[in-house]
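Below is one structure, written out as structure tokens, with a few remarks after it.
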Amino acid sequence: MIRLNIVVEGQTEEAFVNEVLQEHLQRSGIYATAILLRTSKTGRGGVTTFAKIENQVSRLCKEDTGAYVTTMLDYYGLPKDFPSVQLKNPKDIYHSVNRLEADFHDCIGYEQRFIPGIILHEFEALLFADVRGFEILEADSPGLVADLAAEVAGLEPEAINDSSETAPSKRILKHFRSYQKPFHGSLVAMNVGLDAMKARCPHFAKWLEKLERLKPIVP
């Protein structure tokens, strides 16, 4: 059996792992478990320092030697002291995110078992792989799909950006004010489907394909 611990930074990503990724990865013999990153004493709010990420991911790699470890972190909200975060370049997001993941990997170690994963620019970008996935929410917000389609016309999902006003989740909230990330996010994700996400989101596809190819850990 191949076990995979996916460290997620929020309940939205936790729901996505539990309701979408787990079943998909089980077809490849991989059993995934979502582990919520502890961001504060109350567990609320985003990650404020790299040390909080590093400590929890390193401890998990050390303590669970029979499992792979990966992460689902938002590029948009990385703490200011994340390795190489100051080198983020909005004109070359793929180079930037690859650099961040490489330096993250160097900090954690565990070369064979740790697979860094950063989502461009946040989880909700994946939902823009096919805006028709939002049709299940249109009863509460007529015209939502057409409005979202017009909002992101000509943009690739992973290029929907890190502005506080135009980040993926902000664009959704602009048209669908009752959007609740953990609940609606996974519902729309199931409607969009992983095939569409992989087709439109190359960085996400590269990460997921690494997970799909995992082999049993040799002690």
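Observations on the model:
- Charge dipole (the chain, unit charges on Cβ, about Cα centre) - positive-most of Ile93, Val57, Ser164: Val57
- Ranked from largest to smallest solvent-accessible area, with a 1.4 Å probe on the protein heavy atoms, Leu214, Leu4 come out as Leu214, Leu4.
- Whole-number accessible area per residue in Å² for the chain, which is evaluated in the context of all protein chains at 1.4 Å: 49 Å²
- Where labels lie 7 Å past Cα in the beta-carbon direction, separation of Met190 and Arg3 in nm: 2.7 nm
- Positive dipole terminus of the stretch 61-219, leading residue within Phe183, Ala129, Leu208 (C-beta point charges): Leu208
- Exposed GluC sites (Glu not before Pro) absent: longest stretch of the chain, with sites in DSSP loops and at most 10 other Cβ within 10 Å deemed exposed: 1-110
- Put a plus charge on the Cβ of each Lys and Arg, a minus charge on the Cβ of each Asp and Glu, and nothing anywhere else: the dipole of the stretch 58-122 about its Cα centre is then about 100 debye.
- Here the chain is assigned +1 on the Cβ of each Lys and Arg and -1 on the Cβ of each Asp and Glu. Its dipole about the Cα centre then comes out at about 500 debye.
- Each residue of the stretch 85-92 was assigned a 3J(HN,Hα) from its phi angle through the Karplus expression (A = 6.51, B = -1.76, C = 1.60, θ = phi - 60°), giving 5, 5, 9, 4, 10, x, 8, 9 Hz with x at Gly and Pro.
- Approximate spin-label separation Lys206-Val218, in nm, with each point projected 7 Å along Cα-to-Cβ: 2.7 nm
- Here the accessible area is traced with a 1.4 Å probe on the protein chains. For the stretch 1-129, carbon and sulfur cover 47 percent of it.
- Each Cα pair under 8 Å and six or more residues apart adds its separation to the average, and for the chain the resulting relative contact order is 23 percent.
- With all protein chains in place and ligands, DNA and RNA left out, the 1.4 Å accessible area ranks Met72, Met1 as Met1, Met72, largest first.
- Helix 50-63 vs. the chain, principal-axis angle (Cα, 0 to 90°, nearest 10): 50 degrees
- Non-local Lys pairs in the chain, i.e. 8 or more apart or on different chains, that have alpha carbons under 18 Å apart: 8
- Nearest-20 debye value, the stretch 7-109 charge dipole, Cβ charges on Lys, Arg, Asp, Glu: 280 debye
- Per-residue ellipticity at 222 nm computed for the chain from its helices equals -11500 deg cm²/dmol, with DSSP H segments shorter than 4 residues left out and the rest contributing -39,500 (n - 2.57).
- The Cα center of the stretch 44-92 and the Cα center of the stretch 150-185 differ in position by 22 Å.
- Restriction of the trypsin sites (Lys or Arg not before Pro) in the stretch 44-119 to DSSP coil positions whose beta-carbon has at most 10 other beta-carbons within 10 angstrom yields Arg44, Lys80, Lys91.
- Distance in nm between pseudo-label sites at Glu138 and Thr33 (7 Å out along the Cβ direction from Cα): 4.1 nm
The values are calculated or read from the model by the stated rules, or taken from the named source; none is laboratory data. These numbers come from a predicted model, not from an experiment. Every residue, glycine among them, receives a Cβ derived from its backbone with ideal geometry; neighbour counts consider all protein chains shown. Just the protein is used for accessible areas: all its heavy atoms, side chains included, with ligands, DNA and RNA removed. Shrake-Rupley method; radii C 1.70, N 1.55, O 1.52, S 1.80 Å.
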